[in-house]
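Input: a single structure, listed below in structure tokens.
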Amino acid sequence: MPRFTSRRQVFSMVAAVLFFALPAQAQTTIRLGLVSALSGQNAKSGEAIVRGLSLALDEINAQGGLLGKKVELVTRDDESNPAKGVVAARELVQREHVVAFFGGVDTPVSLAIVPFANQAKVPFIGVWAAGTAITKNGAAENYVFRVSAVDDLVDVALVDYAVKKYGARKPGMILINNAWGESNEAGLKSALAAKKIPYSAIEKFETEDVDVVPQLTRLKNAGTDVLFMVANVAPSSQVVKSLDRMGWNVPIVSHWGPAGGRFSELAGPSAPKVHFIETYSFSGKLSPKGAVVLAALKKKYPAIVSMADVTPAVGIANAYDAMHLTALAIAKAGSTEGPKIRAAFYKIDSYDGLIKTYKTPFTPTNQDALSSSDYIFTYFKDGEILPLTN
């Protein structure tokens, strides 16, 4: 071992320390983060989120960036694992010095990250996970905002649709056995009680289950006339295939889990029977802004050949609007400090977004920018998600 350290070695070590200790204010760019499933069964959803954020980021940087700096996106894969999501969030904030970060697909992951975001005082903006408690988390200073659906509101919409479309009188529930399923169980019970409609039965299942015939048989025997389904792509497809094996042609009204990937491929020919909720569709008649965004997507991502390649549109649209709203908050704050950005979210007057024109999208009592009036019902046809007209 050498008895002394050269000046060059000392300089290198100091430079390395300074690099890792570099505060956000001294960076040459403003960094924003994303924690989402970027691999596994939800990878297509994560890809859609990245595309929406990146497209908005291109527009922001083309207009000069924020606070005189370019903005960059730093991503981390949570693998749909809550523990890994928390580690990723800490790494983004403490090592990458992001000034705000976006949340991804899974409600259990986002719920695990919420306490850290509030403790660190760094804005955390949800763009997919719909668990009600993500934004309604009880924190005295809530740093969690969302541009996405909210389970309590979705559940009211699901019940309304089941009654209007199918005349539901005794619906049942098939729910994924995690925090997202629990959130919707509470919401569906409340929405049904408000209409004085009894439910037939509630069944739970696991993400890895490849046969849910026993649960569905119990629901059928209980007299279920409409089935509410809450699960992501792979488990939702197993429900549909199990129904086919049973020969039970019960109407399915679903949360947006099937939208997150290759549902039409995995579920088979009965996939179009599932009607599910969304916040946006690039199919059908588009607004002028929708047409511009779709054209930009096709240009940036040559892999988009057909409309089926723009699936899931909800991930793209929610993320696109969330990035622009976050940029507005940073610009209004005139700072990259978390508390100032949080306060600035409440000062956004309006934004002409992709999903809608936002008017005062956030308040201290409501940190969800979308409401039930922003939801649409959709279905799969030939791999494309199409809006239902009735």
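Can you find a residue that is in contact with a Leu (Cβ under 7 Å, 6 or more places away or on another chain), over 23 Å from I277 (Cα atoms) and not in a loop (DSSP other than H, G, I, E, B) anywhere in region 343-363? Yes, there is a match, as at least one residue in region 343-363 is in contact with a Leu (Cβ under 7 Å, 6 or more places away or on another chain), over 23 Å from I277 (Cα atoms) and not in a loop (DSSP other than H, G, I, E, B).
Here is a yes/no grid of residues against (1) closer than 14 Å to P171 by Cα; (2) in a helix (DSSP H, G or I); (3) in the same structural domain as E79 (by TED's automatic domain parsing):
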{"site": "D211", "(1), (2), (3)": "no, no, no"}
{"site": "K220", "(1), (2), (3)": "yes, yes, no"}
{"site": "M229", "(1), (2), (3)": "yes, no, no"}
{"site": "S242", "(1), (2), (3)": "no, yes, no"}
{"site": "A259", "(1), (2), (3)": "no, yes, no"}
{"site": "S264", "(1), (2), (3)": "no, yes, no"}
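Scanning region 51-68 for residues that are surrounded by 15 or more Cβ atoms within 10 Å (Cβ to Cβ) and farther than 15 Å from T326 by Cα gives a single hit, R51.
Among the residues of region 157-184, the ones that are in contact with a strand residue (DSSP E or B) (Cβ under 9 Å, 6 or more places away or on another chain), in contact (Cβ under 8 Å) with a residue 24 or more places away in the chain and charged (D, E, K, R) come to 1 in all.
Being at pLDDT below 95 and over 15 Å from E384 (Cβ atoms) is true for just one of S254, S264, S287. Which residue is that?
Numbers: S254 fails: at pLDDT below 95; S264 fails: over 15 Å from E384 (Cβ atoms).
None of the others qualify; the one that does is S287.
Taking the criterion of being more than 12 Å from G103 (Cβ to Cβ) and of a type in the set (S, T, Y), the only residue of region 132-159 that qualifies is T132. The residue that is modelled with the lowest pLDDT, among those in region 174-226 that are closer than 19 Å to H255 by Cα and among the hydroxyl-bearing types (S, T, Y), is T207.
Scanning region 83-134 for residues that are surrounded by fewer than 24 Cβ atoms within 10 Å (Cβ to Cβ), within 25 Å of V230 (Cα to Cα) and either among the hydroxyl-bearing types (S, T, Y) or in contact with an Asp or Glu (Cβ under 8 Å, 6 or more places away or on another chain) (or both) returns K84, T132. Among the residues making up region 137-150, those that are under 17 Å from P108 (Cβ atoms) and either in contact (Cβ under 8 Å) with a residue 60 or more places away in the chain or touching a Cys at 6+ places or on another chain (Cβ under 7 Å) (or both) are V144, R146, S148, A149, V150. Considering region 352-373, and only residues there that are touching a helix residue (DSSP H, G or I) at 6+ places or on another chain (Cβ under 9 Å) and of a type in the set (D, E, K, R), the residue that is nearest to G126 (Cα to Cα) turns out to be D368. Is there a residue being in a helix (DSSP H, G or I), touching a helix residue (DSSP H, G or I) at 6+ places or on another chain (Cβ under 7 Å) and under 25 Å from M307 (Cα atoms) anywhere in region 244-251? No, region 244-251 contains no residue that is in a helix (DSSP H, G or I), touching a helix residue (DSSP H, G or I) at 6+ places or on another chain (Cβ under 7 Å) and under 25 Å from M307 (Cα atoms). Here W248 meets the list (1) within 26 Å of V163 (Cα to Cα); (2) modelled with pLDDT of 95 or more; (3) assigned by TED's automatic domain parsing to the domain that holds G65 almost entirely, failing just condition (3). One residue stands out in region 296-342 among those that are among the acidic types (D, E) and in a helix (DSSP H, G or I): the one that is surrounded by the fewest Cβ atoms within 10 Å (Cβ to Cβ), namely D309.
Please go through region 195-226 and pick out each residue that is of a type in the set (G, A, S) and in contact (Cβ under 8 Å) with a residue 40 or more places away in the chain. Matches in region 195-226: A222, G223.
The values are calculated or read from the model by the stated rules, or taken from the named source; none is laboratory data. It should be emphasised that the depicted structure is a prediction, and the values quoted were computed from it without experimental measurement. All Cβ positions, glycine included, derive from the backbone under ideal geometry; neighbour counts span all protein chains shown.
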